[in-house]
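**Student:** Before we start, here is the structure in question, set down as C-alpha cells.
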Amino acid sequence: MRAFQSSFLIIFSAALFLLSCTENKPQTDICQDIDDFVVKARTNSITYTKDDWDNSIAEYEKLLDQYARNQSSYTSEQKEKVANAMGRYHALLIENALAQSADSLKGVLQDFADYAKLLPAYMDGFRDVLQSDTIKLENLFTDIFASDPVKEIIGSIGSLFGGLSGSDGESEIETVVDTLPEAVPVPDEVKKTDN
C-alpha cells in the first residue's frame, strides 16, 4: 500500500509540475508571438496596402488583449520584450502614416506646380483683355459711379462729413468722374514688349 501511495504522490507531483509548465508556456508564447508578429510586420510593411494595415492592427490588438489578461503573471523580462515589440510596432505605424501623408502632400504640391506653370499664360490672357478693353473698363466705371445708387451712397457719406450732398453732390460726382484720365487703347508694340 505504501508503494501505491508513493507512486500516487510521484504521479500527482509530476502532474502539478506539468501543469505549472503548461501555464507558463502560454505566457511565454504570447510574448514571443507579439515579438514575432512585429518582426513579420516590419518585414512585410513595405508592401502593405490600407487593408493590410487594418488587418495588421486588428491582429495586433488581439495579441495585446491576450497579453493583458495575465499581464501581472509575466516576468519583468517578458514585459520588457513585449514593451520593446510594442514600441517597434508603433514606430511602424507612425512611419506608415508619415509615408501616406508625404504621398498626399506630394500630390498637392504637384497639382500646385501644374497650376503655377499655367499662371503666366493666365496672366497674359488677363492682361490682354484689360489692355485691349481699357475704354470699355473706363465706360464701365463711369457708368457705375454715375448710377443713382452710387450717387446716393456718396451723397450720404458726404453729408456725414459736411461735404457732398443734394444736387451739388451730383455735380461733384460728375466732376470726380470727369477727372479720371481718359483711356486710350494700348498700342500693339507695347503689347509685344510685355510678353
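The values are calculated or read from the model by the stated rules, or taken from the named source; none is laboratory data. Nothing here was measured: the structure is a model prediction, and the numbers come from that model. All Cβ positions, even for glycine, are placed from backbone atoms using ideal geometry, and neighbour counts span all protein chains on display. Each accessible area value is taken on the protein alone, full model and side chains, heavy atoms only, with ligands, DNA and RNA left out. Shrake-Rupley method; radii C 1.70, N 1.55, O 1.52, S 1.80 Å.
**Student:** Would you confirm, using the coordinates I've provided, whether residue 27 is at pLDDT below 90, part of a helix (DSSP H, G or I) and open to solvent by less than 60 Å² (accessible area, probe 1.4 Å)?
**Tutor:** Considered against the rule, which asks whether it is at pLDDT below 90, part of a helix (DSSP H, G or I) and open to solvent by less than 60 Å² (accessible area, probe 1.4 Å), residue 27 comes out as yes.
**Student:** Right, another one. Is it true that residue 79 is open to solvent by 70 Å² or more (accessible area, probe 1.4 Å), under 30 Å from residue 35 (Cβ atoms), basic (Lys, Arg) and assigned to a helix (DSSP H, G or I)?
**Tutor:** So residue 79 fits the description; yes.
**Student:** Shifting gears a bit: Right, residue 165: open to solvent by less than 60 Å² (accessible area, probe 1.4 Å), farther than 30 Å from residue 46 by Cα and at pLDDT 80 or above or not?
**Tutor:** In short, no.
**Student:** Moving on. So, residue 111, is that one in contact with a helix residue (DSSP H, G or I) (Cβ under 8 Å, 6 or more places away or on another chain), surrounded by 10 or more Cβ atoms within 10 Å (Cβ to Cβ) and part of a helix (DSSP H, G or I) or not?
**Tutor:** no
**Student:** Just one of 190, 177, 150 is part of a helix (DSSP H, G or I), surrounded by 12 or more Cβ atoms within 10 Å (Cβ to Cβ) and at pLDDT below 60; which is it?
**Tutor:** None of the other options fit; the residue is 177.
**Student:** Looking at the range 85-94, which of the residues that are open to solvent by 50 Å² or more (accessible area, probe 1.4 Å) and free of Cβ contacts under 8 Å to residues at least 12 places away in the same chain is nearest to residue 49 (Cα to Cα)?
**Tutor:** Going through the qualifying residues, I end up with 94.
**Student:** Is it the case, given these coordinates, that residue 63 is surrounded by 12 or more Cβ atoms within 10 Å (Cβ to Cβ), assigned to a helix (DSSP H, G or I) and not polar (S, T, N, Q)?
**Tutor:** For residue 63, the condition - surrounded by 12 or more Cβ atoms within 10 Å (Cβ to Cβ), assigned to a helix (DSSP H, G or I) and not polar (S, T, N, Q) - is met.
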